[in-house]
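See below for the structure under consideration.
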C-alpha cells in the first residue's frame, strides 16, 4: 500500500507542476505579447508546450526507470526514482519558461510531440506481436531443453504423467516417465477442424452464392446481419451447447444406426464449430463473388448458359482464389478455437480416425496444462508454450497465404472491372 | 450429327431444372443457418429460463436459543432436508442483527434446497420418496412454489446451486472491461489517427499495418499465453485479477478498434481537411477539432463491437487464472475475480443438474447484454451515419 500512496503523491505533485507550468507559461506569453512583440504562436499554445515539457520527460523517466528496475533488477528504490522524475519535471518547467519568447514556434513543438506520442501508440501493436513471440518462444525453448524436439514432433504418446514431480525434484516417485509426443493432439485438432470445414464450407459458400446471385436486396439486408449473429455468440456458449445438446444428440443418432459414440465425441464440437465459422466463409465469399465483374456473367448468359451454369462454370471459378482464402482464414480460426473443444471434446489424447470417439486437441492440452496447480517450471506447463508455438506458426502461415491469395485476386479484377 | 428439336428442348428442360435446383439448394443453405439459430436460441431459452425461478417453501421458523447454536434446529425435522442449508446458516447472523427475533416463531417463505427446486421443475432429483411426498404435500397446500429468483442477480458464486448467482461475475466483467476500455480505446484511436492522418507511406507504416491485420487473426488463447508470461510472470501483475484480464483483452481488442477507427477516419471527406488547413490549422488541430468529432460515431460503434467481443471471450482469461471461485462481490481491479463467460464455464463443469440450469441462465444474461450492446452500436451507426 505504501507504494500506491507514493505513486498517488507523485501524480498529484506532477499534476500541480503541470498546472503551474501551464498558467505561468500563459501569463508570460501574454505579457510578452502585450509588450508589443509579434509571436509565432498563441499564449495557450505556449502554455500547453510548457505543461508538456514539464510532465512529458518526468513521466518518461519514471516509466523507463520502472522498466529498467524490472528488467535488470537494478536496486533503485521507488521513492528515489519518483523524486528523480520530479526533479526532471522541475527542470522541464524551467527550460519551458525560457522558451516562451516571440521567435519560438510553440505550435510546431507541440505538433512534433504529438506525432511522437501517436507513433509510440502505433508501436504498441508491434510490441504485442513481439510479446507473444518472445513469451512463447522463450518458454518453448526451456521445454525443448528438457524434451527432445524430434520426440515432440513425431511421438505418438502424449502422457505428461508425473512430470510435475520431476520439476519438484522427486522424479523417482513418479510411476512412469513423461512422454510428450504431440501427434495425437494434432490429429485431433485436424479431425475436428476437418469436420468443422465440412459443415462450414458448403453452407457458407451456398449462402454466399444465394445472397450475391439470387437474393433480392431486402432478403440480403436481413440475412447478412442474421448470419453475423452466428459469429457474435461467445464461444463458451457454443461449447455449452455442443456438450449439453449436440453431443447427446450425436450419441443417440449413432445409437440408432448401431454405432457406439462417446459423449465427448469429436463430431459434436466439430459441427458446432463449423456453424460458428459459417459467417466467416459466407461474408468473405460474398464479397469476392460480388467483385467478379458483371461482364463475365453477361458474356456467359449471352452464350446461352443458364444461371446455374454461369455460376458454376464462370463466377465460382473466377472467385475461387477468394473463396479458398476465406476457407483458409476460417480454418485458422477453427484450429485456434479453444472453448468449444475444451467443453465438448475429450481430454484423452487418442490417435484415431473415428470421429465418434473422444479425442483431444492442441488448445485443450494448453488449457489443461496451465490450469492445474503445478510448478510453472514443470515440463507439462512448459509444453503448453511449445504447443502454442506450433499453433502460432500454423495459424500465421494460413493467414499469410490467405492474405496473399486475396490480394492477387483483387489485383486481377481491378483492371477489367468496367 | 443433327439433333432434333425435341432432343434439344428436353436437354434444355434438364438444364433449367438443374438451374432451379441450385437456386433452391443455395436458399436451403441459408435457411439451414437460420434454422440453426432458431434451434439454438429456443434450446437456450428452454434450458435457461427456469433458472430465473427458484423454489421456496413456507415453513415454521423457530428462532430459539437452540437455533442460534445449531441452525438446523430452527425448522422442523420433516422439512429440514428440504430447506437450503445455506439459508439456515444465515439464521444465527440474522438473530444477532435483530435481537427481537429471539424466542419468536413464525411461518416464513424460505429458500428451498436445490433438489426440491429440481423436483418441482419436474427434473430428476436425489430426494428419497419420503421427502418427495413431503414436497408434494407442501405443494398441494400452496406452501411450495417457484418464485422469481432475485438471488441469482444479487449474490456471488456458491457451491450450493440454490444460492449461486452471477453478481460477482458481473462485477468482474465490468471491472475487466473498464480496464480493457481504458487501455485499448486511447491506444487504438491514437494508432489509427497516426496511420491515417500522420504517418508517411513508408516501410515502417506498412509493417505496422500488416502486423495489425495479423494480430486480429491470432488465436485468442495465445494472448492468454502472453498475459501469463509477460504480465503475470514478468511484470508481476496479480494473477486472476481484472487488471491482468483487462490488459490481456485490451491487446486483443486493439486491432478491432484500430480497424474500425481507420474506416471511420477514411470516410471523412478530404474537403473538411482542406478547409481546415486552408484557414491555417496545423495537422493536429485539423484532427482534433474537425476530423475526430466528425468520425466519433463510427469510432464509438467500432469500440462497442470490440468491447462486446471482449466480453464474450473466455480462453485467454482462463489462462490468466480468471476462473476463480468468487463468492463475494468486490469492485477492485487487483483482487481475484471471475467474469461472466468464465462463470458459465465453471458452472458448466459442475456435475449437478441444477448447475446446468444456472449455466443456461447465465448464458441468457450474457447473450442479452451482448445483443443490447450490438443493438446500441447499430442504432448509433444508423443515427449518426452521414453520407458525404
GNM top mover of B:234, B:152, B:185 - chain B, alpha-carbon springs below 10 Å: B:234
Among A:96, A:330, A:344, the residue with the largest mean-square fluctuation in a Gaussian network model of chain A built from Cα contacts under 10 Å is A:96
Plugging the Cβ-Cβ distance of residue B:296 and residue A:393 into 1/(1 + (r/R0)^6) at R0 = 45 Å yields, to the nearest 0.05, a FRET efficiency of 0.70
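Could you give the semi-axes, largest first, of the ellipsoid that matches the range B:167-384, computed as the square roots of 5 times the alpha carbon gyration tensor eigenvalues and rounded to whole Å? Don't jump to the answer; show the numbers that get you there.
Numbers: eigenvalues 270, 77, 38 Å².
Taking √(5λ) for each Cα gyration eigenvalue gives 37, 20, 14 Å.
Kirkwood Rh over alpha-carbon pairs of chain A, then Stokes-Einstein at 20 °C and 1.002 mPa s: what D in µm² s⁻¹, rounded to an integer? Can you show the working numbers first?
Values: Rh = 27.0 Å.
Stokes-Einstein gives a translational diffusion coefficient of 79 µm²/s.
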Where in the range B:13-28 does the label zone of residue A:313 land, with the point 7 angstrom along Cα→C-beta and an amide N cut-off under 18 Å? B:13-23
Starting from 0.36 nm per residue, how many nanometres of slack lie between residue A:220 and residue A:11 once their C-alpha separation is accounted for? 69.8 nm
Sequence-separation-based contact order of chain B, relative, with Cα cut under 8 Å and 6+ spacing, percent: 19
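Could you list the square roots of 5 times each eigenvalue of the Cα gyration tensor of the range B:262-388, that is, the equivalent ellipsoid semi-axes, sorted largest first and rounded to whole Å?
On the way: eigenvalues 381, 57, 20 Å².
So the three semi-axes of the range B:262-388 are 44, 17, 10 Å.
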Return the Cα extents of the range A:179-414 along principal axes one, two and three, sorted largest first, each rounded to a whole Å. 68, 42, 30
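Summarise the partner chain shielding of B:200-206 as one whole number: the mean count of Cβ atoms from other chains within 10 Å of each residue's Cβ.
Working: counts 0, 0, 0, 0, 4, 2, 0.
Across the residues of B:200-206, the mean count of other-chain Cβ atoms within 10 Å is 1.
Please state the shape class of chain B: rounded when a/c is under 1.5, otherwise prolate if a/b exceeds b/c and oblate if not, all from the C-alpha gyration tensor. Spell out each step's value before the answer.
On the way: a/c = 2.84, a/b = 1.51, b/c = 1.88.
Here chain B falls in the oblate category.
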Which whole number gives the average count of other chain Cβ atoms within 10 Å of the Cβ atoms across peptide A:237-245? 6
Volume per residue, Å³, of the convex hull around the alpha-carbon atoms of the range A:2-118? 95
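Express the relative contact order of chain A as a whole percentage, based on alpha carbon pairs under 8 Å and six or more residues apart in sequence. All intermediate terms of the calculation are to be shown ahead of the outcome.
Values: 564 pairs, mean separation 71.2, N = 418.
Value for chain A: 17 percent.
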If one builds a Gaussian network model of chain B from Cα atoms under 10 Å apart, the most fluctuating residue listed among B:203, B:89, B:80 is B:203
What's the average, rounded to a whole number, of partner chain beta-carbon atoms within 10 Å of each residue's beta-carbon in A:335-342? 5
Pull out a ≥ b ≥ c, the square roots of the eigenvalues of the alpha-carbon gyration tensor of the protein assembly as shown, then state rounded if a/c is under 1.5, prolate if not and a/b is larger than b/c, and oblate in the remaining case. oblate
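With a Förster radius of 22 Å, plug the Cβ-Cβ distance of residue B:62 and residue B:109 into 1/(1 + (r/R0)^6) and report the FRET value to the nearest 0.05.
Working: r = 15 Å, r/R0 = 0.70.
E between residue B:62 and residue B:109, to the nearest 0.05, is 0.90.
Ranking request for peptides A:123-130, A:359-366, A:252-259: highest mean number of other beta-carbon atoms within 10 Å first, then the rest in descending order.
On the way: A:123-130: 17.9, A:359-366: 27.4, A:252-259: 10.2.
In decreasing order of mean packing, A:123-130, A:359-366, A:252-259 become A:359-366, A:123-130, A:252-259.
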Counting only C-alpha contacts under 8 Å and six or more residues apart, can you give the relative contact order of the range B:167-384 as a whole percent? 32
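FYI, it's all coordinate maths here, none of it is from the lab. Small disclaimer: the values here were computed from a predicted structure and weren't measured. Note: ideal-geometry Cβ built from the backbone for every residue, glycine included; neighbour counts use all protein chains shown.
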